[in-house]
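Here is the structure we will look at.
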Amino acid sequence: MIKNVTIAGGGVLGAQIAYITAFHGFNVTVWGRRDDSIERIKPRIEHLHSVYAKELDLAVKYIGAENPDYPRSFFKDKEEINISRIEELKETNEKVYEGMKYTTDLEEAFSDADLVIEAIAEIVDEKKAFYEKIAPYLKDDAILVTNSSTLLPSTFREYTGREEKFLSLHFANNIHRQNLAEVMKHDKTSDEAFETVIDFAKNIGMYPAVIKKEQPGYILNSILVPVIYSGLTLYGDGVADPVDIDMDWKIGTGSPRGPFEIIDIVGITTVLNIISRRPEASDPNSPIGKAVLKLKEMDRKGHKGIETGQGFYKYK
């Protein structure tokens with residue numbers, strides 16, 4: 001039974017995972033490598049507290065609506081939206097914000113965890129080193145999952161010390177509304193651990209997309225990354241500017257966002273980590289190589305996307 005959950009890494013998604021998990025009643029600890037890492041996490045948690053508060057203030061207008069656009073991780077269905085439930089969740093939001101626990105200590109973070117969710121950078125060697133570092137502190141029955149968006153769990157299982165209790169649990173961004181969690185096993189993951197993680201995803205208000213075998217890019221990114229890659233290729237080759245590429249895609253498909261708006265949401269750094277692994281991305285004369293150089297320049301300037309207030313677009 002999962003009760004105590006540790007989130008390793010408090011970036012854009014790590015903070016969201018921590019907050020939604022605590023919001024649904026689990027004991028959550030956020031682990032960061034250093035004190036300055038913790039200080040960077042806290043403003044993200046503060047922002048999420050504000051977002052949840054605004055969502056709950058707006059929730060009153062969803063009561064009785066035929067097709068309400070409500071945050072799907074907050075309510076099981078539209079019938080659950082009522083004044084009593086909204087007030088209960090407002091109290092929960094305050095408790096979560098005031099009680100969020102942070103630590104840099106490995107024993108404090110991992111020794112009592114029933115589930116550890118790794119949400120550090122998409123860098124293979126860093127993930128391997130992290131798993132080896134925490135392995136001595138984990139309980140025998142603790143389950144370890146990676147939130148990696150592209151990397152396969154079999155890449156890391158031998159470094160975890162618990163191959164049968166290791167798998168992937170990948171979240172989409174803005175998870176209180178886009179409540180998706182992709183659950184993917186490798187060939188040595190136990191059925192028990194797999195089912196436990198699927199149940200956990202349901203218990204924090206997610207839709208668990210069950211991936212029956214390893215698939216690079218999972219489901220979401222198998223579809224999404226080629227769209228982003230194509231947009232960047234057009235941009236790098238000077239075919240069109242990001243705004244026109246986005247508008248073309250949105251008008252032509254009915255999608256709410258174009259590839260560069262999605263990049264701003266995901267974050268420039270994460271997109272660079274993913275795209276830069278392609279061999280052609282290292283060629284500065286190729287279209288994608290030219291786009292990567294532009295992304296790196298944005299990253300150096302601190303224009304990392306929505307989180308910093310500017311990426312391909314400016315945000316208030």
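The values are calculated or read from the model by the stated rules, or taken from the named source; none is laboratory data. Nothing here was measured: the structure is a model prediction, and the numbers come from that model. Positions of Cβ are backbone-derived with ideal geometry, glycine not excepted, and every protein chain shown enters the neighbour counts. When the accessible area is computed, the model is the full protein with side chains, heavy atoms only, and any ligands, DNA or RNA have been set aside. Shrake-Rupley method; radii C 1.70, N 1.55, O 1.52, S 1.80 Å.
What pairs come out if I take residues in the range 236-252 that are closer than 17 Å to D264 by Cα and pair them with residues that are exposed (fewer than 13 other Cβ atoms within 10 Å of the Cβ) and at pLDDT below 95 whose C-beta lies under 9 Å away, six or more apart or interchain?
Every condition considered, the pairs that remain are K250/P256.
Which members of the range 141-177 meet the condition of being hydroxyl-bearing (S, T, Y) and surrounded by fewer than 20 Cβ atoms within 10 Å (Cβ to Cβ)? First the steps, then the outcome.
Initially, the range 141-177 is screened for residues hydroxyl-bearing (S, T, Y), giving 146, 148-150, 154-155, 159-160, 168.
Selection gives T150, S154, T155, Y159.
Taking only pairs six or more apart or across chains, which ones have beta-carbon atoms under 6 Å, a first residue in the range 141-159 that is assigned to a helix (DSSP H, G or I), and a second residue that is modelled with pLDDT of 95 or more and of a type in the set (A, V, I, L, M)?
Matching pairs, first to second residue: P153/L167.
Going residue by residue through the range 230-240, is there one that turns out to be open to solvent by less than 30 Å² (accessible area, probe 1.4 Å), among the β-branched types (V, I, T) and out of contact with any Gly (no Cβ under 8 Å at 6 or more places or on another chain)?
No, there is no match, as no residue in the range 230-240 is open to solvent by less than 30 Å² (accessible area, probe 1.4 Å), among the β-branched types (V, I, T) and out of contact with any Gly (no Cβ under 8 Å at 6 or more places or on another chain).
Name the residues in the range 279-292 that are without any contact (Cβ under 8 Å) to a residue 40 or more places away in the chain and out of contact with any Ser or Thr (no Cβ under 6 Å at 6 or more places or on another chain), would you? Walk me through it before giving the result.
Quick first cut of the range 279-292, residues without any contact (Cβ under 8 Å) to a residue 40 or more places away in the chain only: 279-285.
Once the filter is applied, which keeps residues that are without any contact (Cβ under 8 Å) to a residue 40 or more places away in the chain and out of contact with any Ser or Thr (no Cβ under 6 Å at 6 or more places or on another chain), the range 279-292 yields P279, A281, S282, D283, P284, N285.
Within the range 3-21, is there a residue that is out of contact with any Leu (no Cβ under 6 Å at 6 or more places or on another chain), among the hydroxyl-bearing types (S, T, Y) and more than 23 Å from E195 (Cβ to Cβ)?
There is no residue in the range 3-21 that is out of contact with any Leu (no Cβ under 6 Å at 6 or more places or on another chain), among the hydroxyl-bearing types (S, T, Y) and more than 23 Å from E195 (Cβ to Cβ).
Answer with yes or no whether T21 is in contact with a strand residue (DSSP E or B) (Cβ under 9 Å, 6 or more places away or on another chain), of a type in the set (S, T, N, Q), assigned to a strand (DSSP E or B) and surrounded by 15 or more Cβ atoms within 10 Å (Cβ to Cβ). Break it down into steps so the answer makes sense when it comes.
Values: in contact with a strand residue (DSSP E or B) (Cβ under 9 Å, 6 or more places away or on another chain): yes; of a type in the set (S, T, N, Q): yes; assigned to a strand (DSSP E or B): no; surrounded by 15 or more Cβ atoms within 10 Å (Cβ to Cβ): yes.
Spelling it out, it is not the case that T21 is in contact with a strand residue (DSSP E or B) (Cβ under 9 Å, 6 or more places away or on another chain), of a type in the set (S, T, N, Q), assigned to a strand (DSSP E or B) and surrounded by 15 or more Cβ atoms within 10 Å (Cβ to Cβ).
Hey, can you tell me all the residues within the range 59-76 that are within 20 Å of H24 (Cβ to Cβ) and at pLDDT 95 or above?
Just the residues of the range 59-76 that are within 20 Å of H24 (Cβ to Cβ), to begin with: 59, 62, 70-76.
Within the range 59-76, A59, Y62, Y70, P71, R72, S73, F74, F75 meet the criteria.
Of the residues A22, A65, which is under 23 Å from V266 (Cα atoms), in contact with a helix residue (DSSP H, G or I) (Cβ under 8 Å, 6 or more places away or on another chain) and of a type in the set (G, A, S)? Before you say what the answer is, go through the steps one by one.
Values: A65 fails: under 23 Å from V266 (Cα atoms).
Checking each option against the conditions leaves just A22.
Got a number for residues in the range 178-193 being open to solvent by less than 20 Å² (accessible area, probe 1.4 Å) and over 19 Å from L13 (Cα atoms)?
3
Which one of E79, E46 is in a helix (DSSP H, G or I), under 30 Å from V271 (Cα atoms), assigned by the TED database to the domain that holds A113 and of a type in the set (D, E, K, R)? Show your work before the answer.
Values: E79 fails: under 30 Å from V271 (Cα atoms).
Selected residue: E46, the only one of E79, E46 that is in a helix (DSSP H, G or I), under 30 Å from V271 (Cα atoms), assigned by the TED database to the domain that holds A113 and of a type in the set (D, E, K, R).
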